[in-house]
């Protein structure tokens, strides 16, 4: 791996961590929890499995976040009537109010971060990030399949 490749991957990590910190500072809420609330607001009730898949989130990490959201009264979790192995997750009225209150802050955060960036550069960045994401997903899927084969 050459220096440019190392630097790119390090910068990608630093940028992601910086975004998480800035989002929480500006919006007042952690980005992973915001994403969960937003998915529930947009999609309605979802199972934990559906949430994990939609958000590409580790199921264990999702469960930890859901426990916090539940303790704050923003979501409810119940066993799915059709399948006791699954939990249905939904926004509470308080969760809906919290999302409505945070939405203008989130929009202001996005405008503030992207202000002044040329559209062409944003498009190039989006294209590159989408390609990297696809590679990471493929690599993750291949590694998972290999681990499962070794267990058998």
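The values are calculated or read from the model by the stated rules, or taken from the named source; none is laboratory data. These figures come from a predicted structure and were not determined experimentally. Please note: Cβ atoms are built from the backbone with ideal geometry, for glycine as well, and neighbour counts cover all protein chains shown.
Results, tabulated for the structure shown:
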item: Qualifying residues in region 24-36 (those that are touching a helix residue (DSSP H, G or I) at 6+ places or on another chain (Cβ under 7 Å) and without any contact (Cβ under 8 Å) to a residue 60 or more places away in the chain) - the one nearest to residue 68 (Cα to Cα); result: 33
item: Region 1-29: number of residues that are under 11 Å from the mean Cα position of the chain (by Cα) and buried (at least 16 other Cβ atoms within 10 Å of the Cβ); result: 0
item: Any pair with Cβ under 8 angstrom, 6 or more apart, that starts in region 100-117 at a residue that is without any contact (Cβ under 8 Å) to a residue 12 or more places away in the chain and ends at one that is surrounded by 11 or more Cβ atoms within 10 Å (Cβ to Cβ) and in a helix (DSSP H, G or I); result: 114/122
item: Hey, residue 4 assigned to a helix (DSSP H, G or I), modelled with pLDDT under 95 and in contact with a strand residue (DSSP E or B) (Cβ under 8 Å, 6 or more places away or on another chain) or not; result: no
item: Among (1) in contact with a helix residue (DSSP H, G or I) (Cβ under 9 Å, 6 or more places away or on another chain); (2) surrounded by 12 or more Cβ atoms within 10 Å (Cβ to Cβ); (3) more than 15 Å from residue 50 (Cα to Cα), the one test that residue 112 misses; result: (2)
item: Those residues of region 67-95 which are assigned to a helix (DSSP H, G or I), surrounded by 13 or more Cβ atoms within 10 Å (Cβ to Cβ) and over 18 Å from the mean Cα position of the chain (by Cα), in sequence order; result: none
item: Criterion violated by residue 68 - all others in (1) out of contact with any helix residue (DSSP H, G or I) (no Cβ under 8 Å at 6 or more places or on another chain); (2) closer than 16 Å to residue 35 by Cβ; (3) in contact (Cβ under 8 Å) with a residue 12 or more places away in the chain satisfied; result: (1)
item: Residue 122 being in contact with a helix residue (DSSP H, G or I) (Cβ under 9 Å, 6 or more places away or on another chain), in a helix (DSSP H, G or I) and assigned by TED's automatic domain parsing to the domain that holds residue 35; result: no
item: Some residue of region 123-140 being more than 22 Å from residue 8 (Cα to Cα) and modelled with pLDDT of 95 or more; result: no
item: Region 37-56: number of residues that are in a helix (DSSP H, G or I) and touching a residue at least 40 places away in the same chain (Cβ under 8 Å); result: 5
